[in-house]
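Each value in this text was obtained by applying a stated rule to the coordinates, not by laboratory testing. All figures in this text were calculated on a predicted structure; none of them were measured in a lab. Every residue, glycine among them, receives a Cβ derived from its backbone with ideal geometry; neighbour counts consider all protein chains shown.
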Amino acid sequence: MDTMKAVRAHRFGGPDVLSVDEVPKPVPGEGEALIKVVATSVNPIDWKLREGMISRDLPLPFIPGGDFSGVIDQLGPGVQRFKKGDEVYGVAPNSVGAEAEYVVCPTTNFARKPKTLDHLSAASAPLTAMTAWQGLFDQGKLAAGERVLILGGSGGVGGFAIQLASEADAYVLATASKEGVDRVKRLGADEAIDYKNVRIEEAVKEIDLCLDLVGGPLHGRAMMCIKKGGRLVSTVQPPEAALAQSRGIDAKFFRMEPRATLLVELAKRIDDGKLKIEVAKVMPLESAAEAEELNHQHKVTGKIVLKIG
Ligand SMILES: NC(=O)c1ccc[n+]([C@@H]2O[C@H](COP(=O)([O-])OP(=O)(O)OC[C@H]3O[C@@H](n4cnc5c(N)ncnc54)[C@H](OP(=O)(O)O)[C@@H]3O)[C@@H](O)[C@H]2O)c1
């Protein structure tokens, strides 16, 4: 039997539930491709799934990892748009399976990798960039000239949200701490708000759209910054509905849905130089547990990429 190296979570819990195992290589079905993964990047969903914070019905053991960049190794029945050897980037189904030498993925979830990026940089983009786009435009209906507040601007999703909102001619305010303050300014935020030293409800007013990538107490406090008739879109938690209603805010939670056509659009923007990619740290696949913890503990500002092989 063909096997491959993969990180697996054997039960729900801390980083010690992960091990690198030899497992059967998956086989692509109808409309799917088998992709040789060159790099995968770490997202909060990796440790949230591992800890059982979400989707506790996920069958164990499971292979973590959503983002990937790699090379098509084999096509399943009915796939015509791609061929063996194509370089692609995307998000594995249900954001699991990519911390491995190979991943099976439906063609709806990947596209050709941006030509100007190597696999390490390309792997850092799909999940976060698609979330930023869908949060700002599909859900948030951001329009030119509007004031947008991005909570968590220094993170993976926030970095793309700042750039996309700036390019859409919005006025961008983004929260960050420590070196994240420089990062959000570098990426084009009109105002960086050091949330550890500034109370946003006092410093920020007349927001049209808040993209909440943080949740918790900041979620409710951000509502004070939004004008009547404004919108709040959260990737983290259901909105505080009573507060939103009392302030006349249209607030919602959403889950990113991978879309190949959006990945094509994002790759074009990256290749045109409109979207910058910043990788903060590269680690080997074998360091997946440590990498997930670095993200969980906010010890690295920006994306951590795991290199395979
Ligand atoms: N619903 C969906 O489909 C979806 C999709 C993608 C992501 N998400 C969720 O969206 C969130 C952001 O994802 P990400 O990939 O951007 O995460 P990330 O790269 O780990 O970034 C986290 C961000 O949160 C900020 N932060 C942490 N604690 C904070 C606090 N107490 N107050 C204010 N800011 C705080 C950090 O700021 P500093 O480091 O500068 O302090 C950083 O900007 C995660 O919870 C993730 O699970 C959901």
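Would you mind telling me the antiparallel percentage of the DSSP bridges in the chain, rounded to 5?
Numbers: 32 of 58 bridges.
Restricted to the chain, the bridges split so that about 55 percent are antiparallel.
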Segment 55-71 - phi-based ³J(HN,Hα) in whole Hz, Karplus 6.51/-1.76/1.60, Gly and Pro as x: 6, 5, 8, 4, x, 9, x, 10, 9, x, x, x, 5, 8, 9, x, 10
Per-residue ellipticity at 222 nm for the chain, helices alone: DSSP H runs ≥ 4 residues times -39500 (n - 2.57), over residue total, nearest 500 deg cm²/dmol? -6500 deg cm²/dmol
Protection proxy ranking of 251-261, 11-21, 178-188 - average other beta-carbon atoms within 10 Å, highest first: 178-188, 251-261, 11-21
Scan around residue 249 for amide H atoms under 5 Å from its own, H built in the peptide plane at 1.01 Å from N, and keep only partners 5 or more places away or cross-chain. 229
What order do you get for 120-127, 68-75, 48-55 when each peptide is scored by the mean count of other beta carbon atoms within 10 Å, highest first? 120-127, 68-75, 48-55
How many lysine pairs are close in segment 2-98, with Cα atoms under 17 Å apart and the two 8 or more places apart or on different chains? 6
What are the ³J(HN,Hα) couplings of segment 241-258, residue after residue, when phi is run through the Karplus curve with 6.51, -1.76, 1.60 and θ = phi - 60°? Round to Hz, x for glycine and proline. 5, 5, 5, 4, 5, 5, 9, x, 10, 8, 10, 8, 10, 9, 10, 5, 10, x
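Please go through the residue pairs 274/303; 113/178; 185/276; 252/276 and name each one whose alpha carbons sit more than 23 Å apart in this structure.
Violating the 23 Å limit, Cα to Cα: 113/178; 252/276.
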Qualifying lysines (Cα of each under 16 Å from Cα of residue 205; at least 8 residues distant if same chain): 227, 228
If you average the C-alpha positions of segment 265-302 and of segment 199-238 separately, how far apart do those two centres end up, in angstrom? 26 Å
Short version: ³J(HN,Hα) in whole Hz for each residue of segment 132-145, in order, from phi by Karplus 6.51 cos²θ - 1.76 cosθ + 1.60 (θ = phi - 60°), x for Gly and Pro, what are they? 4, 4, 5, x, 6, 9, 5, 8, x, 6, 4, 10, 4, x
For residue 242 and residue 280, compute 0.36 nm times the residue count separating them, minus their Cα-Cα distance, and round to one decimal in nm. 9.8 nm
